[in-house]
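Values in this text are rule-based calculations from the coordinates and carry no lab data. This one's a predicted model, so the numbers in the text were calculated from it and none came from an experiment.
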Amino acid sequence: MRNTQPTTPNANVPLPIASADQASRSRERRMARATDDTATASVPPAEVITATPPTTPRTTGAPSKLDQITALLLRAEGVSVPAMMSATGWQAHSVRGAMAGALKKRGLIVTSNKVDGLRYYCASREA
């Protein structure tokens, strides 16, 4: 059975026109938060919390995965990527990314050498 409905809208049918109330309501927008200072004025200055970075590094609990990689890299014989992968549970690209980014920010200089087809990485503290 064939569909006999026209596929294009009929140009002779008038479109519904919204009343003035509906048009003004559709333009009203509410902000999620107050844009003026009245919302923060009700909080006394003593209760305002400022974010301060911790003064000491994390010392409780198990060492982080970056700490584990750092300890492996600081050994005299160095460490391979598969050894770092098994120590952290990360994939190879994550291990390499940590060496290239986070460990450099910690002040480590990472060097590598290839022995019997396997690359070993060593690190030293920046002077």
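Rg to Rh ratio, the range 65-125, alpha-carbon atoms and Kirkwood radius?
Rounded to two decimals, Rg/Rh equals 0.92.
Stretching GLU28 away from SER94 to a fully extended chain increases their span by 18.9 nm, per 0.36 nm per residue minus the current alpha-carbon distance.
Here's the list of lysines a cross-link from LYS65 could span, going by alpha-carbon distance under 22 Å and ignoring same-chain residues fewer than 8 apart: LYS104, LYS105.
A straight chain from ALA102 to ALA76 at 0.36 nm per residue would run longer than the Cα-Cα distance by 7.3 nm.
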